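Input: a single structure, listed below in structure tokens.
The values are calculated or read from the model by the stated rules, or taken from the named source; none is laboratory data. If you're wondering where the values come from, they're calculated on a predicted model, not measured in any experiment. Areas reflect the complete protein model, heavy atoms only, side chains present, ligands, DNA and RNA absent. Shrake-Rupley method; radii C 1.70, N 1.55, O 1.52, S 1.80 Å.
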Amino acid sequence: MEKNLNNLNSAANRAWQRDLRVQKETVDSSAIYHAGVVHLLVPLAKKIRNEANALHSSCRSAPENMHLDLDLDIFDNSSLILPNGTASKDKFPRSVKRDRCVASIAKAHKDERIAWKILGQTPQTGNLHSVRMQVERTEYPRSDSGVPLLAYSKVIENNAKTQFFSSDLCYNIHQSEQNPTLQSSEAGKTLRDLFDQNGAAEFSDPDILGKSSKFRVAFELAQACLLLLRTSLFSGICSCHLRCSRATQESDPFLYYFGLQMGLVTHGHPTWEHVSPGVTRSCWGETDRSWNVLTKPLRHLGLLLIEALLGRPIAHAQVQRNGVIETISFFETVHGPSLSIDQHSETVEDVLEKVRKAFNYRDRARDAVKFCLSTILPEAPLDIDMEKRLGDFYFEVVTPLKDHYDSLLDRHFEYIRVAANPAE
């Protein structure tokens, strides 16, 4: 067995050009990876619109005491991390484990459907425990197929395997085989709630989502946007939709796991005691803009990425007539006889430079956020044009965000490997 694993290790390293002995300067392994994955994800994104909307519809009437969140780890990329938040200490190559994620994407492309993961909580589970459910469209309904919320409850509370109908589509649902339960050290909160909770003292915490997990959620949000750009779930996304649950083992690179609220979302309206005149209390996600149905989720993604990466809550975004964001106003704390809340406006160029700094001065990562804030998509593109637009989004936004997060993972895994095998 050990010999076979070693052979597999060597083969994987050669295949992905990760063995320094065979590394060629002219070969960009990341480019090879992305060139393959984009041809899987873009056609998939064009085909899953109805199933994603139906899945969203199945959750929208959930009662207040039931939380249903779309797990942003759509293709089990975080399965590279063990449940306790640490990397594997054995010699099994991470390049092989990455292949498992590609295999999940390839299977979804072949089946023309996604095995969605829903994080569920009910009063029975409590707010520190989430059940990870797998929900997948099927063409083979059973006679016992029921209503969605009853099916969710059965799986969360009784580990059942069942089916439900939503918008004339049938779904299989059961607990996920990969990490079926997730434990938190405190109740999950939206990013907006985290900002409001932190705002009494200071409104700027660049690592509010963890030094590395903030880059993971940036990649996961971008990948979700690619797949869900034309769906009801992503149309008005903001920090009130992003649910953040702190891991029980506080390993900083993986401090949080993330989900998008699938039920009814209530926008946060903080009740600060001391607020300067003219400061808005409403969420920027509530503001109605002139953006079309494809440009709106792109803009909202850009603003949400800025909040997550910089740890600064946005109060307002000023938009030019052509739909491009010109300035962004942030909430800030004013120190005086008593703390008060004000807002400060910055140009997009200044904000993007701070994003670039957060990414260790990587221009492509900054340009990914700029793409979201400035690119104008057509209202109703033809099918072939939509494919090109999605391809552009993948290379301009998803690619640099994933590459940066992968580089952090590589360093973390190498640190764990060396610590576990000091004799090497």
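Taking amide H as placed 1.01 Å from N in the peptide plane, V319 has its amide H under 5 Å from the amide H of E326, each at least 5 places away in sequence or on another chain.
Rounded to the nearest percent, how much of the accessible area of region 137-221 (1.4 Å probe, protein heavy atoms only) is carbon and sulfur? Don't skip to the answer; put the middle values down first.
Values: 1830 of 3900 Å².
C and S fraction of accessible area: 47 percent.
Once the 1.4 Å probe is applied to the protein heavy atoms, region 277-376 comes out at 44 Å² accessible per residue.
Whole-Hz Karplus values for region 325-334 come out as 6, 9, 9, 10, 9, 10, 5, 8, 8, 9 Hz, taken residue by residue from phi with 6.51 cos²θ - 1.76 cosθ + 1.60 and θ = phi - 60°; glycine and proline positions read x. Sort region 101-141 into rounded, prolate or oblate with this rule: let a ≥ b ≥ c be the square roots of the eigenvalues of the Cα gyration tensor; rounded if a/c is under 1.5, and if a/c is not under 1.5, prolate when a/b is larger than b/c, oblate otherwise. Cα axes put region 101-141 in the oblate bin. Note that region 97-195 presents 46 Å² accessible area per residue, ligands and nucleic acids not counted, probe 1.4 Å. Is the shape of region 174-237 best called rounded, prolate or oblate, per the rule: a/c under 1.5 gives rounded, else a/b larger than b/c gives prolate, else oblate, with a ≥ b ≥ c the square roots of the Cα gyration tensor eigenvalues? Oblate is the answer for region 174-237, as a/c is 1.5 or above yet b/c matches or exceeds a/b. The share of accessible area on region 325-394 that comes from carbon and sulfur is 51 percent, using a 1.4 angstrom probe.
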